[in-house]
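The values are calculated or read from the model by the stated rules, or taken from the named source; none is laboratory data. Small disclaimer: the values here were computed from a predicted structure and weren't measured. Don't worry about glycine lacking a Cβ; one is built from the backbone with ideal geometry, like all the others, and counts go over all protein chains shown. We work out accessible area using only protein heavy atoms, side chains counted, and drop any ligands, DNA or RNA first. Shrake-Rupley method; radii C 1.70, N 1.55, O 1.52, S 1.80 Å.
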Amino acid sequence: NFRLWLTTEPHKDFPPILLQTSLKITFESPPGIKKNMQRTLTSWGREFVNGASASPQLRRRGQLLFLLAWFHAVVQERRTYLPQGWSKAYEFSVGDLRAGAMVMDAVSRSNDLDFKLIAGLMEDAIYGGRVDNPSDLRVLRTYVTQLYNREMLGRGGEVADRISMPDEFSYDDLGTWVAELPDEDAPIL
């Protein structure tokens, strides 16, 4: 008659055997781009994000990571507007985000960013690999094209209507920027 209740966030050191033998209950965080981006920043952590603030290459890495966090939040939140957002509920996951972060980390080391490579990986392998509707793929491709381009990284453009990219990309700066987003998403986002 003994029961042990544990609460935890995802962690790489959590014992798999304990997880496999447990009854699991998940608590979904509140929806919205703001909450989604806060979860992303928390999962990446200060150490990972703060590698993105000193030299021009590291700043570019920070920009790419920010754009990935925004992109991930938007494609997930489009599910709220089925069937107009997506034709069906695609399960874009933490694994997609992790793979995207690895790609952004790798490509940011290059002196000259290859936006075709980024677009190809995002559209065909990471996020687009699970999209099976041509109309949905066009939407995904549009987001990738609008976010990952030389102009966006050069001048720091708008990620959405009246929402400009942040000026700095440290963990604290991004946290402050995200905290200023509205709690409720306008459909235009």
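Could you please give the count of residues in the stretch 67-88 that are among the hydroxyl-bearing types (Ser, Thr, Tyr) and either farther than 13 Å from residue 33 by Cα or not in a helix (DSSP H, G or I) (or both)?
Going through the stretch 67-88 one residue at a time, the tally reaches 2.
Can we say residue 155 is open to solvent by 30 Å² or more (accessible area, probe 1.4 Å), in a helix (DSSP H, G or I), modelled with pLDDT of 95 or more and among the charged types (D, E, K, R)?
no
Is the stretch 94-108 home to any residue that is hydroxyl-bearing (Ser, Thr, Tyr) and open to solvent by 20 Å² or more (accessible area, probe 1.4 Å)? Outline the logic, then answer.
Within the stretch 94-108, the first condition is being hydroxyl-bearing (Ser, Thr, Tyr), and the residues that meet it are 108.
Going one step further and asking which of them are open to solvent by 20 Å² or more (accessible area, probe 1.4 Å), we end up with none.
Looking for residues that are hydroxyl-bearing (Ser, Thr, Tyr) and open to solvent by 20 Å² or more (accessible area, probe 1.4 Å), one finds none in the stretch 94-108, hence no.
Here is a yes/no grid of residues against (1) open to solvent by less than 20 Å² (accessible area, probe 1.4 Å); (2) in contact (Cβ under 8 Å) with a residue 40 or more places away in the chain; (3) over 14 Å from residue 70 (Cα atoms); (4) assigned to a helix (DSSP H, G or I):
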residue: 112; (1), (2), (3), (4): no, no, yes, no
residue: 116; (1), (2), (3), (4): no, no, yes, yes
residue: 132; (1), (2), (3), (4): no, no, yes, no
residue: 135; (1), (2), (3), (4): no, yes, yes, yes
residue: 145; (1), (2), (3), (4): no, no, no, yes
residue: 175; (1), (2), (3), (4): no, yes, no, yes
residue: 184; (1), (2), (3), (4): no, yes, yes, no
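Give the residues of the stretch 46-74 that are touching a residue at least 12 places away in the same chain (Cβ under 8 Å), more than 9 Å from the chain's Cα centre (by Cα) and either at positive phi or open to solvent by less than 40 Å² (accessible area, probe 1.4 Å) (or both), sorted by residue number.
49, 52, 61, 62, 63, 64
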